[in-house]
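Taken together, the values in this text are just the output of simple stated rules run on the coordinates, not laboratory data. The structure displayed is predicted, hence computed values, not measured ones. Methodologically, a virtual Cβ is constructed for each residue, glycine included, from the backbone with ideal geometry; neighbour enumeration extends over all protein chains shown.
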Amino acid sequence: MNTQIEIHTEPLNVQSCIDWIMSPHSGGIDVFIGTVRDMTKGKTVVCLEFEAYNQMAIKEMEKIAQQAFDNWPVQKILIHHRTGVLAVGEIPVIIAVSAAHRAAAFEACRYIIDTLKETVPIWKKEVFEDGEVWVAAHP
Amino acid sequence: MMNIKILAFGIAKDIFGGSTISIELDENATTKQLKTQLETAYPRLKQLASYMVAVNNEYADDAGLITEHDEIAVIPPVSGG
């Protein structure tokens with residue numbers, strides 16, 4: 001298998017993602033790690049809550065991986081996304097891409113995270129000290 | 001008429017007051033008709049930046065037909081990653 005696409009309720013493991021993507025055929029591996037930031041527009045974030053429409057989210061992530069394979073000479077693609085309540089500093093998403101040469105890995109990785117944010121049915125709620133908001137819900 | 005179960009996620013869950021709702025829909029209704037009916041019953045949907053309907057785990061066109069055993073979901077603006 002040249003893709004590994006998963007949604008986890010438990011903390012994501014960066015090392016196991018790197019172990020899976022490593023290959024003697026690769027000359028470069030690009031790893032993107034999304035992390036929970038402590039501030040949004042000057043307000044202190046207490047935690048984030050992620051929710052996914054799991055079955056469809058996996059399908060949409062598979063489509064993105066296929067588009068990346070169609071557009072860049074990449075070898076393996078890993079996308080792990082977390083759901084549930086995440087504290088500041090925790091990891092909601094890991095994307096890893098391997099390729100013979102680095103340019104393809106960088107570009108495909110960027111494409112995957114940018115497209116994931118636009119099309120994959122996963123939602124995050126920001127919880128502040130004085131309230132909470134579903135991100136991007138309102139104009 | 002057909003009775004359709006609809007899954008809700010994110011802010012749509014708050015708007016519907018639960019993670020699933022049921023509505024009565026005309027046989028062979030389109031996605032557009034479903035949206036119109038939902039917006040009448042739940043006007044807060046119209047305040048969203050946008051929202052989509054998914055049928056059997058795929059984003060649906062407004063003209064697409066809905067049948068009784070489809071898995072229907074309301075997809076508010078996504079914000080993963």
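Dividing the summed helix terms, -39500 (n - 2.57) for each DSSP H run of n ≥ 4, by the number of residues in the protein assembly as shown produces a 222 nm estimate of -8500 deg cm²/dmol to the nearest 500.
Going by neighbour counts of Cβ atoms within 10 Å, the residues A:TRP20, A:TRP134, A:TRP72, A:TRP123 line up, fewest first, as A:TRP20, A:TRP72, A:TRP134, A:TRP123.
Here the Karplus relation 6.51 cos²θ - 1.76 cosθ + 1.60, evaluated at θ = phi - 60°, turns the backbone of region A:126-133 into coupling constants of 8, 9, 9, 5, 10, x, 9, 8 Hz, with x for every Gly and Pro. GNM remark for chain A: springs join alpha carbons under 10 Å apart, and the peak mean-square fluctuation among A:GLU51, A:GLU129, A:GLU62 falls on A:GLU129. Separation of region B:23-62 from region A:37-81 is 25 Å, based on Cα centroids.
Taking a ≥ b ≥ c as the square roots of the Cα gyration tensor eigenvalues, with a/c under 1.5 meaning rounded and otherwise prolate when a/b beats b/c, else oblate, which class fits region B:20-81? It comes out oblate by the Cα gyration axes.
Which ordering of A:LYS59, A:LYS41 is given by a fewest-first count of other beta-carbon atoms within 10 Å? Mind dumping the intermediate values first?
Working: A:LYS59 17, A:LYS41 5.
The order, fewest Cβ neighbours first, is A:LYS41, A:LYS59.
Only Lys, Arg, Asp and Glu carry charge here, each on its Cβ (+1 for the first two, -1 for the last two); on that basis chain A has a dipole of about 300 debye about its Cα centre. Between A:PHE106, A:PHE32, A:PHE128, the GNM of chain A built on Cα springs shorter than 10 angstrom shows A:PHE128 fluctuating the most.
Over chain B, calculate the relative contact order: mean separation of alpha carbon pairs under 8 Å at least 6 apart, over the residue count, as a percent.
Values: 133 pairs, mean separation 30.5, N = 81.
Contact order relative to length: 38 percent.
Normalised radius of gyration (Cα atoms, divided by 2.2 N^0.38 Å) for region A:32-100: 1.34.
With the convex hull drawn over the C-alpha atoms of chain A, the volume per residue is 115 Å³.
Going by how many other beta carbons lie within 10 Å of each one, how would you line up A:MET61, B:MET52, A:MET22, fewest first? Please report the intermediate quantities before stating the final value.
On the way: A:MET61 26, B:MET52 17, A:MET22 12.
By the 10 Å Cβ count, ascending, the order reads A:MET22, B:MET52, A:MET61.
When you restrict to C-alpha pairs under 8 Å that are six or more residues apart and normalise by the size of chain A, the relative contact order lands at 36 percent.
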